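Please read the structure below before turning to the comments.
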Amino acid sequence: MGLARIDREIQHHPPRSRCVVTNRGSWSTGEKLPTGVLLSRTFPYALAWQIEHNGPWLYELGETRTGAYLLLSGPTDQEHQWSTEVAEGTVFISVPASMVVARGGLDEAFAVLTDQRRAIRAVRAADRRLPVVFNDYMNTLMGNPTTEKLLPLIDAAAEVAPSTSASMRAGTRRVTGGTRSASGCPHPAASRAVSPRLSITSASAAWLPACGLNPRSSA
């Protein structure tokens, strides 16, 4: 028993298989990075890419009847259940992507890709100051900040870096439910509100406006 030889050009049978890497849901890098490298087995060259997107993405390697292809994409209907309508006279722009070709191997390809990332990065005034940002959102206070918990953290961070900014989530939690199911309510809740009615140290006073507190409030 033998297998019939398929001529892709004559019989119009392109391969149905593909190699695809994609994220899951809205977590852009929850499992994989939107970055890849192809290395040549015969020549000292490498092709590298990165999809410049903080939402859903995929890259795909496959074959056509005449050669190979690389697809860099944002969200799709098949992988992410996302689609859009493009009407006459409207324009749809897909997510941006960077591609580099480097002489050498893996390290050389990533070096060029790093140069590309730095070149396209918008430099802000905050980047020139290089401040430290302290964010307690989940992994410090587990989404349950109180004045008693916040002030020691603010004081400690201010000692390490006086120019630090603080991001404290407060006042948007329902009375019942876990952290995930209870967060996101846009109305203030007494169980989550951070009260300024405590003694305020000099280090804390510079931080409290960033936390939504008023250092001039009376005790």
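A few points about this structure:
- Among residues of the range 1-22 that are within 28 Å of residue 58 (Cβ to Cβ) and at pLDDT 75 or above, those with a beta-carbon under 9 Å from a residue that is polar (S, T, N, Q) and surrounded by 11 or more Cβ atoms within 10 Å (Cβ to Cβ) at least six positions away or on a different chain give the pairs 22/73; 22/76.
- Residue match in the range 74-81 (condition: under 30 Å from residue 11 (Cα atoms), surrounded by 13 or more Cβ atoms within 10 Å (Cβ to Cβ) and of a type in the set (Val, Ile, Thr)): yes
- Look at the range 72-89: where a residue is free of Cβ contacts under 8 Å to residues at least 12 places away in the same chain and in the same structural domain as residue 26 (by TED's automatic domain parsing) and a partner is exposed (fewer than 10 other Cβ atoms within 10 Å of the Cβ) and not small (Gly, Ala, Ser), sitting 6+ places away or on another chain with Cβ atoms under 6 Å, you get 83/77; 86/92.
- Scanning the range 90-113 for residues that are loosely packed, with under 13 Cβ neighbours inside 10 Å, assigned to a loop (DSSP other than H, G, I, E, B) and in contact (Cβ under 8 Å) with a residue 12 or more places away in the chain returns 94, 96.
- Out of 104, 36, 30, 89, one residue alone is modelled with pLDDT of 90 or more and within 26 Å of the chain's Cα centre (by Cα). It is 36.
The values are calculated or read from the model by the stated rules, or taken from the named source; none is laboratory data. Please read these numbers as outputs of a predicted model, since none were measured by experiment. Positions of Cβ are generated from backbone atoms using ideal geometry, with glycine treated the same way; all protein chains shown enter the neighbour counts.
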